[in-house]
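The values are calculated or read from the model by the stated rules, or taken from the named source; none is laboratory data. Fair warning: this is a prediction, and the values are worked out from it, not measured in the lab. Glycine also receives a Cβ, built like all others from the backbone with ideal geometry; neighbour counts cover every protein chain displayed. All accessible areas refer to the heavy atoms of the entire protein, side chains included, with ligands and DNA or RNA removed. Shrake-Rupley method; radii C 1.70, N 1.55, O 1.52, S 1.80 Å.
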Amino acid sequence: MAPLEPGEVVLVGGGPGDPGLLTLAGLAAVEQADVIATDRLAPLGLLDRARPDAEIVDVSKTPRGAFTTQETINALLVDRALAGRRVVRLKGGDSFVFGRGGEEWQACAAAGVRVRVIPGVTSATAAPAAAGLPLTHRTLTQGFAVVSGHVGPGDPRSTVDWAGLARSGLTLVVLMGWDRLAAITDALIEAGRSPDTPAAVVADATLPSMRVVRAPLAALAGTAAEAGLRPPVAVVIGEVAGFDPAAQP
């Protein structure tokens, strides 16, 4: 990776949680940065690799907790870059998969600030893999779809065609859908997805605290709640959620 330049913002995807899943390029950026704007889902243990004089700014967006607006984050990145600092925006997953990296790039571009992107390992694929669930499998499905559950079915702000997804036959991965899990599963069943469809919830993917709960689609929300799972979670819906590696192909 080319060295960071003064006045540059680098959007670094930190991966799904395990610090070992941050890319080498991402780690190099962290080690060079003058300023690191980070949040709670980033691999915070790797901040020990930052320079002792680096400015570390917590810009977390915690549900029902401390919350930094996107406008504040954008302004911080632009301000530090225009001051000639080498700025890293470190976040969990990949900056361009529900990470609002595009908005941060737009804010920088409007201010004439150079931007570089270092992709990260998204939890959309890493969480199922860590739980032993292949998103595609030759005898089960030929594709998968990743959607945000931040706005659930029936909400006028939703642009997701839940009925179309129910009929697609694809593996579905839902991120940020914990609070609306029951509404999502009900909508899929109402649109024709079998209530017996295998499904799973993966919490704290790739971390030592990772937990996986499997249940039929109709029972998924209740089973996961009874198990005491908490966000961040990834929800996997489809035949692959019942994958058994010992089963004969």
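Within the range 78-90, how many residues are among the hydrophobic types (A, V, I, L, M, F, W, C) and under 21 Å from the mean Cα position of the chain (by Cα)? Let's see the steps before the verdict.
The initial filter retains those residues of the range 78-90 that are among the hydrophobic types (A, V, I, L, M, F, W, C), namely 78, 81-83, 87-88, 90.
Add one more test, that the residue is under 21 Å from the mean Cα position of the chain (by Cα), and what stays is 88, 90.
So the answer is 2.
Test ALA29 against the stated conditions and say whether it is assigned to a helix (DSSP H, G or I), open to solvent by less than 20 Å² (accessible area, probe 1.4 Å), in contact with a strand residue (DSSP E or B) (Cβ under 6 Å, 6 or more places away or on another chain) and within 29 Å of VAL233 (Cα to Cα).
Values: assigned to a helix (DSSP H, G or I): yes; open to solvent by less than 20 Å² (accessible area, probe 1.4 Å): yes; in contact with a strand residue (DSSP E or B) (Cβ under 6 Å, 6 or more places away or on another chain): yes; within 29 Å of VAL233 (Cα to Cα): yes.
Criteria met by ALA29.
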